[in-house]
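For reference, the structure discussed in these notes is given below.
None of the figures in this text is laboratory data; all of them are computed from the coordinates on show. Since the structure is predicted, the reported quantities are computational estimates derived from the model, not experimental observations. All Cβ positions, glycine included, derive from the backbone under ideal geometry; neighbour counts span all protein chains shown.
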Amino acid sequence: MKKQIRILAIESSCDETAAAVVEDGRKILSNIISSQIAIHTIYGGVVPEIASRKHLEHIDEVILRALREADCVWDEIDAIAVTHGPGLVGALLVGVSEAKALAYALGKPLIGVNHIEGHVAANYLSDPGWEPPFLCLVISGGHTHLAIVEDYGINRILGQTRDDAAGEAFDKVARAIGLGYPGGPKLQKAAMEGDPAAIHFPRPCLDEEGYDFSFSGLKSAVLNYLNQQEMMHRPVNAADVAASFQQAVVDVLVGKTMQAARDYHLDKIALAGGVSANLAIRGAMEEACRQNGYRLSVPEFILCTDNAAMIGSAAYYQFLNHDLSDLSLNAVPDL
């Protein structure tokens, strides 16, 4: 009987301290997340120094909880995986240092994982039958990528953001209309009460050739609208602004993805990253795929945001390919 491969994975790239045990890249035995949202809300956003300190406080506890929930002992773990970039350098260093120490002390293989690869791999956990090749739209606070996943860990990037990522634009617009932090979920909630056709905001890059994104101009258009309303002493309907901005983002993301699927004759599309939890984006992508006869994979909500299970899934395929790291592994914030 084939031995199952169990990987202990660690994720600390931003403001979630997470650990998980994943079996054969597809089965989650545990997925523990310690969130720092309440702390950073006080400051209106993630404070890197505070994030790093909180990771130090919680990482041992989170790892032990992951082992207990998985009903595993150290001898049953085959490898230690960790996010080593991209992300906040101090936060990454906490996870990388912990993983290296464990790998050394236990004599286990060490696997450094790209955080974005992890987000893509979340689809393998949500849908056990999902396999490459497929087109993947990665949308998070710091990244917007459209890529063809040709095989496990083999990606061809078709387009990416030229400036602000989609999630970054959500956060900045949310702050501008007084919604606060975390911006993405609060803007989505406000948009549910607004009219997406109330204000026309631009759809950057939508009519251009290629698959790049740009959300800086859209963000500026919202800020200009708010300034004009203030100068003319007109009231601002925050819900309408949120809904109209969100619709512009949705139109661009879905439009570019459908264009790439047609151009490359791909009928399987996946979403990945924290912003893929947005209900408007998910709904519009589902409808577009239904109309075009495409299959769509969208991770469940807990696997969209930062977690360690997705890192364990990506690490499993690196383990099979002998794509391992040594103890010189370092944090690479711009990986």
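Stick to the Cα atoms of segment 244-335, pair each with every other, and give me the Kirkwood hydrodynamic radius in Å at one decimal. Please report the intermediate quantities before stating the final value.
Details: mean 1/r = 0.0646 Å⁻¹.
When all Cα pairs of segment 244-335 are included, the Kirkwood radius is 15.5 Å.
With θ set to phi - 60° and the Karplus curve 6.51 cos²θ - 1.76 cosθ + 1.60, what are the ³J(HN,Hα) couplings of segment 285-299 in order, to the nearest whole Hz, using x for Gly and Pro?
5, 4, 5, 5, 5, 4, 5, 9, x, 9, 8, 10, 10, 10, x
Among 225, 264, rank each residue by its count of other Cβ atoms within 10 Å, from fewest to most, as a rough exposure measure.
Numbers: 225 18, 264 13.
Going from least to most buried by this count: 264, 225.
Enter the angle in degrees (range 0 to 90, nearest 10) between the Cα long axis of helix 115-126 and the first principal axis of the Cα atoms of the chain, meaning the one along which they spread out most.
80
Sorting 161, 257 on the 10 Å Cβ count, fewest up front, what's the list? Walk me through the numbers before you get to the answer.
Values: 161 22, 257 25.
Placing the least packed residue first, the sequence is 161, 257.
Are there trypsin sites (Lys or Arg not before Pro) in segment 1-49 that DSSP puts in a loop and that have at most 12 other Cβ atoms within 10 Å, and which ones? Spell out each step's value before the answer.
Details: sites: 2, 3, 6, 26, 27; in loops: 2, 3, 26.
Passing both the DSSP loop test and the Cβ count: 2, 3.
Radius of gyration and Dmax for the chain's Cα atoms, expressed in Å?
Over the chain's Cα set, Rg and Dmax evaluate to 20.3, 74 Å.
Output the direction-averaged projected area (hull surface divided by four) of the convex hull of the alpha-carbon atoms of segment 59-201, in nm².
Details: hull surface 48.5 nm².
Computed as one quarter of the Cα hull surface, the answer is 12.1 nm².
Tell me the label-point distance for the pair residue 53, residue 104, using the 7 Å Cα-to-Cβ offset, in nm and rounded to one decimal.
2.6
Using only the alpha-carbon atoms, how far is helix 48-70 inclined from the longest principal axis of the chain? Give it as 0 to 90 degrees, nearest 10.
Result, in degrees: 50.
Taking θ as phi - 60°, what are the ³J(HN,Hα) couplings along segment 309-323 by the Karplus curve (6.51, -1.76, 1.60), each to the nearest whole Hz, with x for Gly and Pro?
Coupling constants for segment 309-323: 4, 5, 5, x, 5, 4, 5, 4, 6, 5, 4, 5, 8, 6, 8 Hz.
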